[in-house]
Amino acid sequence: MPELPEVETTRRGITPYVIKQQVQNVVIRQASLRWPVPLNLKQKLKDQTIKDIQRRAKYLLFVTQAGHLIIHLGMSGSLRMVKNKAIPNKHDHIDIVFNKKTLRFHDPRRFGAVLWTSKDPLQHKLLKNLGPEPLSEEFTGAHLHQHAQGKKINVKPFIMNARIVVGVGNIYASESLFLSGIHPQRSAGRISLARYEILAENIKQVLTHAIELGGTTLRDFVREDGKPGYFANKLNVYNQTGMPCPICKNPIKVRTISQRSSFFCVQCQH
Ligand SMILES: [Zn+2]
């Protein structure tokens, strides 16, 4: 599943090809995504110039004079630049055609979204209740500590809740808890401010590192046959069941917590 670093890498990858470009055409081959693609999308977008691509959580916001195109990659979506008139493959659902290149949305499982708003996108129903960006100054250990007060929920689903902080997916939750020495099943309300400060720093660090790694795959966005630029991060615990813990060498354990596989070291995480 594309996580926040992949979405940010996508944003950086396509920006040079799309910015200041005028939309020549919009081709919708499949309008049945997670939510229906608006029937008037072509009418709204045609002739508009993309002024900027911003990101809020895992939503990409394409800024135009008339409004914002909102794209979410869902479980299996990707965006890439192809030559105009490149023959679409299976699951290539939407094309946004510019003068020189076409931005193509591909999504086998169709949990992604392509939407339009002429209002403030941050007030859109999908975005307005989102917590702070993890890499912003607003996201701190104090923020986590404050919102955890009185909560018995396990810390892992707590940090994966987008109302608390956005963009901490399963991989990054497991990795940041490991680096912080915090057991994923500890009650959120029973973790000290000092430990939350360490956890917030580690969340920022793992996400920043993943985005930096993504930078090396940017070229894939312009290759016609390129796979989306998702990258194999070097991981300490995620998907490492039975492998030696990088600190104590005990085998990494896996346990299902709130329906998600959670990887951790019983020796190092309390
Ligand atoms: Zn260990």
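The values are calculated or read from the model by the stated rules, or taken from the named source; none is laboratory data. Model, not experiment: these values are computed from the prediction. Virtual Cβ from ideal backbone geometry, glycine too; neighbours counted across all protein chains shown.
Observations on the model:
- Positions within segment 246-270 being within 27 Å of the chain's Cα centre (by Cα) and hydrophobic (A, V, I, L, M, F, W, C), in sequence order: Ile252, Val254, Ile257, Phe263, Phe264, Cys265
- Residues being outside the structural domain of Ala86 (by TED's automatic domain parsing), at pLDDT below 90, in contact with a Pro (Cβ under 6 Å, 6 or more places away or on another chain) and of a type outside the set (Phe, Trp, Tyr) are represented in segment 211-230 by at least one member.
- Some residue of segment 168-184 being at pLDDT 95 or above, more than 23 Å from Arg56 (Cα to Cα) and small (Gly, Ala, Ser): yes
- Note on segment 252-270: among residues that are out of contact with any strand residue (DSSP E or B) (no Cβ under 8 Å at 6 or more places or on another chain) and over 13 Å from Asn170 (Cα atoms), the one that is farthest from the ligand (Cβ to nearest atom) is His270.
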